[in-house]
1. Please give the net charge around G26, taking every other residue with its beta carbon less than 12 angstrom from that of G26, where Lys and Arg add +1 and Asp and Glu add -1.
2. Compare E34, E17, E44 by solvent-accessible area with a 1.4 Å probe and give them largest first, with all protein chains kept in place.
3. Grab the Cα-Cα distance for N29 and F60, subtract it from 0.36 nm times how many residues apart they are, and report the gain in nm with one decimal.
4. Quote the accessible area belonging to L22 in square angstrom, nearest 10, computed with a 1.4 Å probe and with ligands, DNA and RNA left uncounted.
Amino acid sequence: MANVIKAFRILKGLNQEETAKLMGMGIANYNTKENNPDLFTVAEVKKLTSILNVPHNIFFDSEVNLKVTI
């Protein structure tokens, strides 16, 4: 799951520091949560999926296909 979040973040062109700022949290806190997605609150999941423009089910599906459409 952590790799999926990281992949979507990178596809969006964001680094962890930029994402943390958009989330309203420190980079250390964001890094911990990106590497341990179960630590994200429901409100944080909603905010992050909005920032990344991805469906919230990426946090709940065991298999997520990373398809890039050009």
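The values are calculated or read from the model by the stated rules, or taken from the named source; none is laboratory data. Source: prediction; values computed, not measured. Quick reminder, even Gly has a Cβ in these numbers, built from the backbone with ideal geometry, and neighbours come from all protein chains shown. Areas reflect the complete protein model, heavy atoms only, side chains present, ligands, DNA and RNA absent. Shrake-Rupley method; radii C 1.70, N 1.55, O 1.52, S 1.80 Å.
1. Numbers: positive: K21, K33; negative: E17.
That works out to +1.
2. Values: E34 5, E17 95, E44 35 Å².
So, going from the largest accessible area down, we get E17, E44, E34.
3. Details: separation 31, 0.36 × 31 = 11.16 nm, distance 2.09 nm.
Between N29 and F60, full extension yields an extra 9.1 nm.
4. The value for L22 is about 90 Å².
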